[in-house]
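We did not get these values from a lab; they are worked out from the coordinates using the rules stated. Here the structure is a predicted model, which means the values were calculated and not measured.
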Amino acid sequence: MVLNADFIGRAYPASAPYLVGREKIREFARAIGDGNPVYFDRDAARALGYADLIAPPTFATVVAMQASQAVMFDPELGLDFSRVVHADQYYAYARPICAGDELIVSTRIENIRMVAGNDMLTTQASIDTIDGEHVVTATSVLVSRGAES
């Protein structure tokens, strides 16, 4: 195993706040080809009980990306990013991300294991409002190919 297994459980400091903007939500929805009105029209979102536009579920990746770099580029971890492929991503929502949310991300290494000569790195990002309300947990699995070549 090339990755340092002692890093399992390591937590990284919370990210700087990310202010979710309406236009960012709209841009993201257009980019993924999802025309759901709650991503574009405040009245449509309000009709469903939301205070403002809500973001598509995978928008959480945009919010978590900066914080995840602290893990991926931690020199002590030993991850060679040139050999990394993304294996899995999933989200556990407490509520949708809404325009106007100011979010912070705390990232933690959940697991490091070897499978067929490849290191598997599982991280978990807790995305919360700056007031401490939990919004979503994003779990990501990366594979570092050929770690034992």
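Data for the structure
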read-out: Largest to smallest principal axis extent of the C-alpha atoms in the stretch 29-100, angstrom; value: 49, 22, 18
read-out: Whole-Hz couplings from phi, Karplus 6.51/-1.76/1.60, listed for the stretch 58-66; x for Gly and Pro; value: 7, 4, 4, 4, 4, 5, 7, 4, 4
read-out: Compactness of the chain as Cα Rg over 2.2 N^0.38 Å, two decimals; value: 1.16
read-out: The stretch 103-145: relative contact order as a whole-number percent, Cα under 8 Å and 6+ apart; value: 38 percent
read-out: HN-Hα J in Hz across the stretch 32-48 - Karplus 6.51, -1.76, 1.60, θ = phi - 60°, x for Gly and Pro; value: 8, x, 10, x, 3, x, 5, 8, 10, 10, 4, 5, 5, 5, 5, 4, 9
